[in-house]
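Here the structure comes first, spelled out in structure tokens, and everything after it is commentary.
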Ligand code: F6R
């Protein structure tokens, strides 16, 4: 059942190239335009939307943060991302021109379900991004994009996360197509970049043994920081969450630019800091990230740096270097999260923890 792997989680990490390919399958019509089968919202309804609120919990929330960057960039629609457990308790402003996007792997998360019920009661349209056919959240939504990840058994979400990202990118591109905010060629180009991702994830997985070795070096560390910028920021949060839930260690993710506003006080000699470096195409972002890394190194942190291959400026900043394939900045989470999943899985395993059934956690959280 585990295909020779010791944990379902490890098996599911390795299934991600397949899962991403499946999530992309059949999304292009004969005319080359994007099609989303279970969309069920008309083009006119989509054109009338003037605001999007994404609601989700945990890892799905971090996928939603990436979606905000993609949707705002490609579609020029304002997007808020909100924890589903907070949403209905703060009297949110939603109406018929708001699209609420609920992201849930299980489709049964009670916080998210209650949030969509609240949104629908205010007459807003709800679109679910979900993995589980026929589960409650898509049944109660106006439209759905299924992730097609296949069953996820490990409690920690892995292929769930990457296929949620794919579904979010598809939604963003579809909205751009309908609203005409991007040319067809540009949309096709991004779809092709997405179609290249499975092979790029394979390249990262081929380095699994190196990442495992790196993780085992850190079995005695008790605290970790994760830094990112732009789309790398939610990846930092996701990397930290994986380490908390599997290895029961203190781990925090920060936007690298926030360091100087407080968190840098946490840095002491030897503290492992995992840094997700944006691709070089975005020079300002890249420069800013390097100076953030320099700040923690100057205080004795041990930096584990994830940067794209061929980044010739990175060596002096990295105590350990993990190279990532070259992808555009908005798609980088799809490849950058893989080493972080491998790292958390191996560290937890080396510490003797049950990776598939971490303490105190359940696969689907059906209580509010
Ligand atoms: C983290 C994890 C949880 C879930 C969260 C939402 O690895 O699995 O944080 O992401 O409970 O679950 P879904 O997506 O099923 O609504």
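Every number here is computed from the coordinates shown, using simple stated rules; none is lab data. All figures in this text were calculated on a predicted structure; none of them were measured in a lab. For neighbour counting, all protein chains shown are included, and Cβ atoms are generated from backbone atoms with ideal geometry for every residue, glycine included.
Rounded to the nearest 10 degrees, what's the angle between the helix 184-195 long axis and the longest principal axis of the chain, both from Cα atoms, 0 to 90?
Taking the Cα atoms of the chain, the angle to 184-195 is about 50 degrees.
Mind checking the alpha-carbon convex hull of region 89-190 and giving the volume per residue in Å³?
Working: hull volume 11.6 nm³, N = 102.
Here the figure is 113 Å³ per residue.
If you look at just the Cα atoms of region 23-62, how large are its Rg and its Dmax in Å?
Rg, Dmax (Cα atoms, Å): 13.7, 38.
When the helices in the chain are scored as -39500 (n - 2.57) per DSSP H run of 4 or longer and the sum is shared across all residues, what 222 nm value do you end up with, to the nearest 500 deg cm²/dmol?
Helices in the chain give a 222 nm mean residue ellipticity of -13500 deg cm²/dmol.
Find the eigenvalues of the gyration tensor of the Cα atoms of region 13-84, then list the square roots of 5 times those eigenvalues as equivalent ellipsoid semi-axes, largest first, in whole angstrom.
22, 21, 11
When you take every Cα atom in region 293-368, what is the radius of gyration, and what is Dmax, the widest Cα pair distance, in Å?
That works out to 16.6, 49 Å for Rg and Dmax.
Quick one: if the Förster radius is 22 Å, what FRET efficiency do residue 120 and residue 365 give, using the C-beta to C-beta distance and rounding to 0.05?
0.60
Which of 207, 260, 288 ends up with the largest GNM mean-square fluctuation for the chain, with Cα atoms connected below 10 Å?
Of 207, 260, 288, the Gaussian network model singles out 260 as fluctuating most.
As a test of understanding, state the convex hull volume per residue of region 1-137 from its alpha carbons, in Å³.
In region 1-137, the Cα hull volume divided by residue count equals 139 Å³.
Quote the FRET efficiency, to the nearest 0.05, computed for residue 186 versus residue 284 with a Förster distance R0 of 22 Å and r equal to the Cβ-Cβ distance.
0.50
Rounded to the nearest 10 degrees, what's the angle between the helix 232-247 long axis and the longest principal axis of the chain, both from Cα atoms, 0 to 90?
Between the helix axis and the principal axis of the chain, the angle is about 70 degrees.
Taking Cα atoms, how many degrees apart are the long axis of helix 58-75 and the longest axis of the chain, rounded to 10 and kept between 0 and 90?
Approximately 60 degrees, to the nearest ten.
Looking only at 266, 321, 173, which one moves most when the chain is put into a Gaussian network model with springs between Cα atoms under 10 Å?
Highest fluctuation of the listed residues: 266.
Express the relative contact order of the chain as a whole percentage, based on alpha carbon pairs under 8 Å and six or more residues apart in sequence.
Numbers: 717 pairs, mean separation 70.1, N = 368.
Value for the chain: 19 percent.
Given a Förster radius of 35 Å and the C-beta distance between residue 89 and residue 248 as r, what FRET efficiency does 1/(1 + (r/R0)^6) yield to the nearest 0.05?
0.75
I need the shape label for region 279-323. Rule: rounded when a/c is under 1.5, else prolate if a/b > b/c, else oblate, with a, b, c from the alpha carbon gyration tensor.
It comes out oblate by the Cα gyration axes.
Using only the Cα atoms of region 140-226, build the gyration tensor, take square roots of its eigenvalues as a ≥ b ≥ c, and label the shape rounded, prolate or oblate: rounded if a/c is under 1.5, else prolate if a/b is larger than b/c, else oblate.
prolate
Within a 10 angstrom radius of the beta carbon, how do 309, 140, 368 rank from fewest other beta carbons to most?
Final ranking by Cβ density, sparse to dense: 309, 368, 140.
Cut-off 10 angstrom, C-alpha nodes, Gaussian network model of the chain. Which of 160, 292, 257 fluctuates the most?
257
Restricting things to alpha carbons, tell me how big the chain is in terms of Rg and Dmax, in Å.
Cα-based Rg and Dmax for the chain come out at 19.8, 58 Å.
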